[in-house]
Amino acid sequence: MEKYCEEVRNQIAKGIDFEKDAFELPLSVKSELAEVAKKYGYRKPKDSYFGLGGSFYCCLQRVYKRMIQKVIIE
């Protein structure tokens, strides 16, 4: 999960709000995240309700929450 810290920072700089639910994301953002996920070699869980972009968002959201807990970002 630590390899995604820099990507979380990049997505925050692009304006992604990790406080939102994955259902609230526009399709354009999900498709953009799917392309980024492919670059990382991310594979979505088989039982995931979301597509690749939504699953990657949830992964980044978990990393974001850990970064807040550890006070890496504010």
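The values are calculated or read from the model by the stated rules, or taken from the named source; none is laboratory data. For clarity, every value in this text was computed on a predicted model and none was experimentally measured. What goes into the accessible areas is simple: the full protein's heavy atoms, side chains included, and nothing from ligands, DNA or RNA. Shrake-Rupley method; radii C 1.70, N 1.55, O 1.52, S 1.80 Å.
Some points to look at:
- Over the chain: Rg over Rh, Cα atoms, Kirkwood Rh: 0.93
- Between helix 5-14 and the chain: long-axis angle, C-alpha atoms, 0 to 90°, nearest 10: 80
- Relative to the longest principal axis of the Cα atoms of the chain, the long axis of helix 27-40 lies at roughly 80 degrees.
- Surface composition of the chain: carbon plus sulfur atoms contribute 52% of the solvent-accessible area (1.4 Å probe, protein chains only, all chains present).
- Listed residue pairs exceeding 18 Å between alpha carbons, taken from LYS20/LYS65; LYS3/LYS70; LYS20/LYS46; LYS30/LYS70: LYS20/LYS46; LYS30/LYS70
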